[in-house]
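So the structure is just underneath, and the comments pick up after that.
The values are calculated or read from the model by the stated rules, or taken from the named source; none is laboratory data. Every value quoted in this text rests on a predicted model; they were computed, and no experiment measured them. Note that each Cβ is placed from the backbone with ideal geometry, even for glycine, and that neighbours are counted across all protein chains shown.
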Amino acid sequence: MLIKVCGMIHPDNIHQIAGLHPDFMGFELFPSSPRYAGNSINLSILEKIPGKKIGVFLNENLETIIGNVCKYDLDGVQIHSADKVKWYRCQ
């Protein structure tokens, strides 16, 4: 079984959850979310996280997703969309 904890925004909470070593930690990167992480996380926090860092996106364009993947050095993305999503392989 793999475990993903999502909605991380507070540095103290992130450190506590990281100490439990989940397989994935999710960060909501769409501004309409009450748990939007774009204003509260930084690279120094993310560098210390064990496991995979996942960006969660809602109805977002590919350029924004790729920009956030690079900005936060994400290991993967979770995409929610009302539209049909085209999947791209990113390197």
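Here are the numbers for the structure shown:
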{"quantity": "Scope segment 4-26; condition charged (D, E, K, R) and part of a helix (DSSP H, G or I); matching residues", "calculated": "D12"}
{"quantity": "Output for segment 75-85, where each listed residue is of a type in the set (D, E, K, R) and crowded, with 16+ Cβ neighbours inside 10 Å", "calculated": "none"}
{"quantity": "Considering residues of segment 27-36 that are under 12 Å from the mean Cα position of the chain (by Cα) and outside any strand (DSSP E or B) only, the residue surrounded by the fewest Cβ atoms within 10 Å (Cβ to Cβ)", "calculated": "R35"}
{"quantity": "Residue in segment 8-22 that is nearest to V56 (Cα to Cα), counting only those that are of a type in the set (A, V, I, L, M) and under 16 Å from the mean Cα position of the chain (by Cα)", "calculated": "M8"}
{"quantity": "Among (1) in a loop (DSSP other than H, G, I, E, B); (2) modelled with pLDDT of 85 or more; (3) of a type in the set (V, I, T) - the single one V85 does not satisfy", "calculated": "(2)"}
{"quantity": "Check on L29, among the aliphatic types (A, V, I, L, M), modelled with pLDDT of 90 or more and more than 18 Å from D73 (Cα to Cα)", "calculated": "no"}
{"quantity": "Number of positions in segment 37-74 that are part of a strand (DSSP E or B) and surrounded by fewer than 16 Cβ atoms within 10 Å (Cβ to Cβ)", "calculated": "2"}
{"quantity": "Pairs, first among the hydroxyl-bearing types (S, T, Y) in segment 57-77, second assigned to a helix (DSSP H, G or I), C-beta under 8 Å, six or more apart", "calculated": "Y72/L43; Y72/L46"}
